[in-house]
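Engineer: Please find one structure pasted underneath; my questions will follow.
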Amino acid sequence: MTMIAQNLKLVRARMAAACQAAGRDPASVRLLAVSKTFGVDAVREAAAAGQYAFGENYIAEGVDKILALRSSPLGGPALEWHCIGPVQSNKTRLVAEHFDWVQSVDRLKIAQRLSEQRPPHLPPMQVCLQVNIDGGANKSGLAPGDVLALAQAVAQLPRLALRGLMAIPEPAPDFVAACALHERAKALFDAINNAGVLAVPMDTLSLGMTADLEAAIHAGSTMVRVGTAIFGGR
């Protein structure tokens with residue numbers, strides 16, 4: 001078993017234990033392997049171990065991997081690629097043409113460009129809105145009070161499918177504090193769904209990374225984004 005395969009096994013065990021502790025079905029939480037700065041061979045190793053969803057922060061780097069692996073047989077399902085880093089206007093076409101998901105939308109202009117530039121032969125782009133849930137000064141994302149209006153607008157755009165919310169809170173000092181931060185995002189997610197203004201309710205709450213995935217799962221995350229615990233330190 002390779003190091004990456006062993007690490008994936010350990011991460012999945014952590015997720016299963018966290019789900020058990022929270023009284024949740026382990027199948028209700030997906031693992032997104034964050035492969036930024038790691039090469040094609042690392043992604044191929046992870047895919048060989050049964051991991052097929054990957055997150056990239058840097059768009060050009062991600063596109064290079066997508067293209068390299070698209071023509072390389074991996075012996076499993078097609079890989080699913082998530083853009084989880086900031087998207088500038090001059091990069092929306094690359095994202096729209098190559099990625100399956102984008103989790104970092106925080107402006108209507110970016111959503112509109114993704115919708116306009118999504119090729120018609122591809123399925124709709126799956127979208128999460130990034131929320132600056134704790135008001136971190138150096139964090140991207142919408143203020144919580146602005147999320148509902150953008151969610152309504154994005155849900156109306158053709159070629160996009162609004163799936164949910166993503167947040168990256170500042171590191172918390174302990175489990176209880178981390179849970180409290182993630183619970184803010186879960187409360188916002190529930191409030192928007194319960195408002196009844198979306199024709200299709202959101203189903204994805206992307207919260208939690210290597211250090212805090214247990215707290216995120218406890219709070220209700222449906223997708224954890226893990227890099228270091230799978231691929232090693234950068």
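Read the figures in this text as sums done on the coordinates, not as results from a lab. The structure displayed is predicted, hence computed values, not measured ones. Positions of Cβ are generated from backbone atoms using ideal geometry, with glycine treated the same way; all protein chains shown enter the neighbour counts.
Engineer: Cα-based Rg of the chain per 2.2 N^0.38 Å, rounded to two decimals?
Structural biologist: Working it through for the chain, the quotient is 0.97.
Engineer: Using the charge dipole of the chain (Lys, Arg: +1 at Cβ; Asp, Glu: -1 at Cβ; taken about the Cα centre), state which of 51, 158, 213 has its Cα farthest towards the positive end.
Structural biologist: Sorting the options by dipole projection puts first 158.
Engineer: Related question: Given 0.36 nm per residue, what is the gain on full extension from residue 194 to residue 149 after removing their alpha carbon distance, in nm?
Structural biologist: My answer for the length gained is 14.8 nm.
Engineer: What residues have an amide H closer than 5 Å to that of residue 166, excluding those fewer than 5 places away on the same chain, when H is modeled at 1.01 Å from N in the peptide plane?
Structural biologist: 129, 130, 131, 206
Engineer: Could you compute how fast region 11-87 diffuses translationally, taking Rh as the Kirkwood radius over C-alpha pairs and applying Stokes-Einstein at 4 °C with viscosity 1.567 mPa s? Give it in µm² per second.
Structural biologist: Approximately 96 µm²/s, per Stokes-Einstein.
Engineer: From the cross-link list 36/139; 65/91; 139/186; 91/139; 36/109, which pairs have alpha carbons spaced over 22 Å apart?
Structural biologist: Pairs exceeding 22 Å: 36/109.
Engineer: Here's a follow-up. Could you compute the net charge surrounding residue 26? Neighbours are other residues with a C-beta less than 12 Å from the C-beta of residue 26; K and R count +1, D and E count -1.
Structural biologist: +3
Engineer: Charges only on Cβ, +1 for Lys and Arg, -1 for Asp and Glu: so what's the dipole of region 1-138 about the Cα centre, in debye to the nearest 20?
Structural biologist: Roughly 100 debye for region 1-138.
Engineer: Give me 38, 175, 54 ranked fewest to most by other Cβ atoms within 10 Å of their Cβ, as a rough exposure proxy.
Structural biologist: Ranking 38, 175, 54 by Cβ neighbours within 10 Å, fewest first, gives 175, 38, 54.
Engineer: Restricting to DSSP loop positions (anything but H, G, I, E, B) with no more than 10 other Cβ atoms inside 10 Å of their own Cβ, which trypsin sites (Lys or Arg not before Pro) remain in region 56-112?
Structural biologist: Answer by residue number: there is no such site.
Engineer: Restricting to Cα pairs below 8 Å that are 6+ residues apart, what does the relative contact order work out to for the chain? Please round to a whole percent.
Structural biologist: 20 percent
Engineer: Now for a separate question. At 222 nm, what value in deg cm²/dmol follows for the chain if DSSP H runs of at least 4 each add -39500 (n - 2.57) and the sum is divided by all its residues, to the nearest 500?
Structural biologist: -12500 deg cm²/dmol
Engineer: Quick check on region 174-234: take the gyration tensor over C-alpha atoms, sort the square-rooted eigenvalues as a ≥ b ≥ c, and tell me if it's rounded (a/c under 1.5), prolate or oblate.
Structural biologist: Judged from the Cα gyration tensor, region 174-234 comes out oblate (a/c at least 1.5, b/c at or above a/b).
Engineer: Extension gain residue 90-residue 78, at 0.36 nm per residue separation less the Cα-Cα distance, in nm?
Structural biologist: Gain on extension, residue 90 to residue 78, equals 1.6 nm.
Engineer: Along the Cα→Cβ direction, 7 angstrom out, place labels at residue 12 and residue 187. What is the inter-label distance in nm?
Structural biologist: Result for the modelled spin labels: 3.6 nm.
Engineer: Once the Cβ-Cβ distance between residue 116 and residue 234 is put in as r, and R0 is 41 Å, what FRET efficiency do you end up with, to the nearest 0.05?
Structural biologist: 0.75
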